[in-house]
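Here's the structure, in structure tokens; my notes come after.
We did not get these values from a lab; they are worked out from the coordinates using the rules stated. Everything quoted here is computed from the prediction, not taken from an experiment. Please note: Cβ atoms are built from the backbone with ideal geometry, for glycine as well, and neighbour counts cover all protein chains shown.
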Amino acid sequence: MKVQVDGSWLEIGEQESAAALAKQLYLTDEALALRLNEKIVDLHHPLQEGDSLQFLFFSDPQGKEVFWHTSAHLLAQAILRLWPDAQPTIGPPIEGGFYYDFANLTLSEEDFAKIEKEVQKIIKENLSMERIQFKNREEALAQFNSNRYKVELIEGFEESPITAYRQGEFVDLCRGPHLDRIDKIKAFKILKTSGAYWKGDPLREVLTRVYGISYPNRQLLKQYLTFLEEVKKRDHKILGTKLNLFSFQEEAPGMPFIHPKGMIIWNHLIDFIRAQFDKSGYLEIKTPMLMSQFLWERSGHWSHYQEQMYSFSIEERHFSIKPMNCPGAILYYKSQAHSYRQLPFRVAEIGHVHRQEASGALSGLFRVRGFHQDDAHIFLRPSDIKSEILGILKLLEELYHTFGLSYHLELSTRPHKSLGEQETWNHATNSLKEALKEWGEPFQLNEGDGAFYGPKIDTHVRDALGRSWQCGTIQLDMTLPEKFQLEYKDQDGQLKCPILLHRALLGSIERFLAILIEHFGGKFPMWISPIAIRILPIARSHEEYAFQIKKKLEKMRLPCEIDLSEESINKKIRNAQLLQVNYILIIGDREVENKNISIRTRENKIFSDLDLSIFLSNLQTEIETKAQQSIYTETTF
Ligand SMILES: [Zn+2]
Ligand SMILES: [Zn+2]
């Protein structure tokens, strides 16, 4: 019979299984599952004449999902062999690995190795996975009658048929798909345990959640564990405290206090953005944080976003704290008449917005209740869209490039539920596409993923650990200008309604700060460093010279400290290095006598007998060029 594999027709035997076909085609056992006529199924799934197949591997997101889902079953099987009274509930794959929730099980970290050993034993048993299809709900209930959680799941199922998977003695309720053989899992590790409510409901019992990760080879597992260690080391919540950049207080949950050292980075970021505003023709405004509920009703925020807004009454009038800056910018636009000659009219605001987030969703600076946006609203004519987008992409590239962050763009088009004329949508979407094509970088197209008021371009930056973060966004809006009856006088003398473009490049400044802390692992480049220089006089007699140097550095507006503590010089060096100080200046007899300096870098490189003025001019260059690397490395010495 004939089937199509990746689009080309192939003749295969009548009884040939997908697993055997994959082995023949790829000469390995690495295929994990099958996309069969757009549905993902097991490699065991029977094939039919005319089927269209695509094999899935670990490198495919859906391949990983099948792999990790099967691994969750493997984990449950091992746990049941060791603790037969434990009751498995649910075990899904997640972003990095999988978990399984158990009732009647208590584990400590000492048990992890035992479980992993049992897992390896099961893998060696070479078990194949068998799909079981129950005749009806009663048959499924009979199979799982000793586990009341599975019974509750089965009773809640609307789908039919109900299916399960068997591997050796272990049968688990599951719709699949799964690996065809357990021994495709070569590397397996338990990561952690935590408590979790049954069905996520805080009124129900707490279960033991066991997290794990697995790979088709040991090398990948090793890489992942190294990555996890690095993530932990760079955690912005830990570094933020250690470097004294910011804190959270019980009195203001989800609203950060930025400390003086954090403000040094913050202000450099703001300066950078303001310089971009200036050279790109933006006007900066500041609009009230608290505005009348009528405004939010008119903008549509009240009907769409009410739940995330902080609202209250003053003298019997209702007000809300702004969750977004748009209406403020619009009121400013409306405060004057506009001619087509003034368009695009670019209004920027570093606005402080507040949004209600559930306390469980809060996460350091990544997810907060109060944050600042580097927002801008641009009022323009349809014919301006393309050139304006190109201008914004240029700003965006300059910004991310400066921090050594790579990025990619995603274009999202008209969703099913949306407002406005098709013609307007077409023009807007085509202008975005044309701009992106002219920009020349590849972009991802997300059909139907745009906002209800217009198409958008999102930017995702990639940090030093390869993690991706959504940051900037460029959104066209054909709805708000109409709601607020915005106008400009066009060339033909007619009053017309402009298009509104919302754009943010950093997104949330708090969140971007967190990304930078983790991206640099606390080792900030000189131009944004919270402690650029620390001077260490070896003895009292060296302090005067140390202060002379500090004065010079302060003239250059460099954050500089002198360590006057009683610690030994080695301890002082170590302390400065732990704080990721860019340059540690050591002042002893020789330096005072020769009026020069010796430096130590945070990478522990030593440079002696440096001329102070040359050092200062090198620093100046490092700052002006916003260099990501120190000038003082082995190669320049
Ligand atoms: Zn499953
Ligand atoms: Zn906006």
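Side notes on the structure shown:
- Overall, the chain carries a charge dipole of about 1380 debye about its Cα centre when +1 sits on the Cβ of Lys and Arg and -1 on the Cβ of Asp and Glu, all other atoms neutral.
- Proxy reagent accessibility, fewest Cβ within 10 Å first, across 181, 175, 503: 175, 181, 503
- Kirkwood hydrodynamic radius over Cα pairs of the chain, then Stokes diffusion coefficient at 37 °C and 0.692 mPa s, in µm²/s: 112 µm²/s
- Relative to the 2.2 N^0.38 Å rule of thumb, region 26-90 has a C-alpha radius of gyration ratio of 1.41.
- Net charge of Cβ neighbours under 12 Å - reference residue 86; Lys, Arg +1; Asp, Glu -1: -2
- In region 369-435, trypsin sites (Lys or Arg not before Pro) in a DSSP loop with at most 16 other beta-carbon atoms within 10 Å: 417
- 19 Å Cα-Cα reach of residue 2 towards aspartates and glutamates, excluding residues that sit fewer than 8 places from it in its own chain: 11, 14, 16, 38, 49, 51
- Here region 232-357 is assigned +1 on the Cβ of each Lys and Arg and -1 on the Cβ of each Asp and Glu. Its dipole about the Cα centre then comes out at about 620 debye.
- Cut-off 13 Å between beta-carbons: net charge of the residues surrounding residue 68, Lys and Arg +1, Asp and Glu -1: 0
- Long pairs among 233/523; 232/571; 64/199; 192/237; 232/605, criterion Cα-Cα beyond 18 Å: 232/571; 64/199; 192/237; 232/605
- Think of it as helices only: each DSSP H run of n ≥ 4 in the chain is worth -39500 (n - 2.57), and spread over all residues that comes to -10500 deg cm²/dmol at 222 nm.
- Taking max minus min of the alpha-carbon positions on each principal axis, region 362-452 gives extents of 43, 30, 26 Å, largest first.
- The distance between label points at residue 621 and residue 394 comes to 2.9 nm (points 7 Å beyond Cα on the Cα→Cβ vector).
- Counting beta carbons within 10 Å around each of 85, 458 and listing the fewest first gives the order 85, 458.
- Under 20 Å from residue 417, Cα to Cα: lysines that are on another chain or at least 8 residues apart: 456, 483
- Over region 429-524, the Kirkwood radius and the radius of gyration, each from Cα atoms, give a ratio Rg/Rh of 1.10.
- Charge dipole (debye, nearest 20) of region 322-449; +1 at Cβ of Lys and Arg, -1 at Cβ of Asp and Glu: 440 debye
- Each peptide among 194-205, 129-140 gets the average number of other Cβ atoms lying within 10 Å of its residues, and from highest to lowest they stand as 129-140, 194-205.
- Computed over neighbours whose Cβ is under 15 Å from that of residue 437, the net charge equals -2, Lys and Arg +1, Asp and Glu -1.
- Residue-wise HN-Hα coupling along region 154-170, computed from phi with Karplus coefficients 6.51, -1.76, 1.60 (Hz; x: Gly, Pro): 4, 5, x, 5, 9, 6, 9, x, 7, 10, 9, 10, 10, 9, x, 7, 9
- Which listed pairs, of 334/437; 279/489; 433/626, have C-alpha distances above 30 Å, in listed order: 334/437; 433/626
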